[in-house]
Amino acid sequence: MRVPMIAGNWKMNTTVGEATELVKAMRAGLDQIANVDKVICPPFISLAVVKELIRGSSIRLGAQNLYFEEKGAYTGEISPLMLADLCEFVIIGHSERRQYFNETGEIVNKKLRAALKVGLKPILCIGEKLEENEARRTEEVVTEQLESSLAGIDSLDGLIIAYEPVWAIGTGKAATGRQVSETIGLILYNIAQLYDEEVAQQMRILYGGSVTADNIAEFVQQSEIDGALVGGASLKANEFLSIVRQTSEIKGHLSR
Ligand code: PGA
């Protein structure tokens with residue numbers, strides 16, 4: 001059985017002080033919700049503090065990015081070894097990284113390998129842009145992103161995929177549950193082709209893009225969607241709690 005997951009991507013928000021307040025505001029509430037993996041991904045500089053704040057709770061920690069080298073003269077970068085010490089998950093290939101920091105499929109592939117090598121669980125983000133969606137190229141784009149990201153990687157143990165249509169991220173225009181389910185079907189088909197049916201069956205696939213407490217139900221009601229990667233709404237303690245709580249309630253008995 002795949003355990004549902006809600007991951008909060010705080011992006012470039014919160015000072016260390018604000019991150020501390022946010023964790024304190026959600027810790028007790030999150031701890032009361034069972035049967036969902038609850039992950040928060042604060043900025044790098046807050047990871048160590050947040051790690052201490054969630055010690056002994058069921059909240060799990062992730063980073064938002066990494067560099068693929070283990071150490072050396074790479075001023076300003078954060079290595080997989082540094083993260084493995086601090087957290088369990090790492091978001092890789094987010095569309096904002098692809099768009100603003102020129103991350104190509106090849107770089108995403110190197111980052112995935114580096115993360116898996118040290119036992120970090122990557123949350124691999126894929127998704128088409130608006131113009132690609134309008135040109136009905138979603139299938140082609142998603143297939144290409146999967147193939148390039150996963151090239152030469154034998155074991156996907158621990159990997160999670162987040163399908164995030166770029167046009168839905170931070171725009172308030174979420175996709176529909178049905179649209180997402182269709183694309184997830186395609187992702188699963190690709191995983192089964194590249195690996196096998198069992199790997200596809202076990203793969204957790206999240207939706208991301210303008211998820212809120214008002215629309216989460218539509219997504220997690222779909223048995224193909226294992227949860228969500230939440231940006232803006234993960235910065236509001238009560239809203240994030242509501243998203244996690246609804247997921248726990250709805251997912252109770254659904255399976256793909
Ligand atoms: P959003 O971001 O929920 O603010 O749209 C989602 C994401 O980028 O992961």
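Nothing in this text is a laboratory measurement; each read-out follows from the coordinates by a stated rule. Predicted, not measured: the structure shown is a model, and the values here were computed from it. For neighbour counting, all protein chains shown are included, and Cβ atoms are generated from backbone atoms with ideal geometry for every residue, glycine included.
Key figures for this structure:
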read-out: Packing-based exposure ordering (other Cβ within 10 Å, fewest first) of Phe240, Phe101, Phe68; value: Phe101, Phe68, Phe240
read-out: Per-residue Cβ neighbour rank within 10 angstrom, fewest leading, Met1, Met203, Met26; value: Met1, Met203, Met26
read-out: Residues whose placed amide H lies under 5 Å from that of Gly231, excluding near-sequence neighbours; value: Asn9, Gly209, Ser210, Val211
read-out: Anisotropy class of the stretch 28-145 from Cα gyration tensor, a/c 1.5 cut; value: oblate
read-out: Convex hull volume per residue for the stretch 120-256, taking Cα atoms only, in Å³; value: 105
read-out: By average C-beta atoms within 10 angstrom, highest first, the peptides 151-157, 3-9; value: 3-9, 151-157
read-out: Fewest-first ranking of Glu239, Glu198, Glu164, using other Cβ atoms within 10 Å as the exposure measure; value: Glu198, Glu239, Glu164
read-out: Cα centre as origin, Lys/Arg/Asp/Glu Cβ charges: the chain dipole, Debye; value: 720
read-out: Per-selection Rg to Rh, the chain - Cα, Kirkwood hydrodynamic radius; value: 0.93
read-out: Alpha-carbon spread of the stretch 143-184, three principal axes, descending order, Å; value: 36, 18, 17
read-out: Total charge dipole magnitude, the stretch 127-256, about the Cα centre, Cβ charges on Lys, Arg, Asp, Glu only, Debye to nearest 20; value: 580
read-out: Pairs beyond 27 Å (Cα-Cα), from Lys11/Lys129; Lys173/Lys236; Lys71/Lys121; Lys38/Lys71; Lys51/Lys129; Lys11/Lys121; value: Lys38/Lys71; Lys51/Lys129
